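First up is the structure itself, then whatever we jot down about it.
Derivation of every value follows stated rules applied to the coordinates shown; laboratory data play no part. Predicted model only: the values in this text are computed from it and were never measured. Positions of Cβ are backbone-derived with ideal geometry, glycine not excepted, and every protein chain shown enters the neighbour counts.
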Amino acid sequence: MAKGNVTANSPLERASLASLDQKLALAKRCSREGVMAGAKAAVVAGIATAIPTLASVRMVPWAKANLNHTAQALIISTVAGAAYFIVADKTVLATARNNSFNQQPSDNP
């Protein structure tokens, strides 16, 4: 038996390969939407964090004394990274949930 043989010999195998291709396409679309939404959220969160962080370093004496450039960058990048992962995860889950609800009626003829 050849393990490297991936050709579909029966109609059932061809249907299952087509189903797998469709599921793979949906998974790629879900992940792409998640990445785009996460990137947008990271940009917005980074800007929304950078402005008050940089302003407080100039105006608040404690921040001026204790937050060097590395600390400022760490604050901004942590918020941006957290926003990216939270929004990307929620978007992927919501898209997958919508796809599973949309496919259920078509699976049952």
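Each residue in region 31-45 was checked for being more than 22 Å from ILE76 (Cβ to Cβ) and free of Cβ contacts under 8 Å to residues at least 60 places away in the same chain, and 1 of them qualify.
Being surrounded by fewer than 18 Cβ atoms within 10 Å (Cβ to Cβ), of a type in the set (A, V, I, L, M, F, W, C) and within 22 Å of ARG58 (Cα to Cα) is the filter here, so list the residues in region 76-87 that pass it.
We begin by selecting, within region 76-87, every residue surrounded by fewer than 18 Cβ atoms within 10 Å (Cβ to Cβ); these are 77-79, 81-82, 85-86.
Imposing the further condition that a residue be of a type in the set (A, V, I, L, M, F, W, C) reduces the set to 79, 82, 85-86.
Passing the criteria: only VAL79.
Checking every residue in region 64-76 against the condition of being over 30 Å from SER19 (Cβ atoms) and not in a helix (DSSP H, G or I) gives at least one match.
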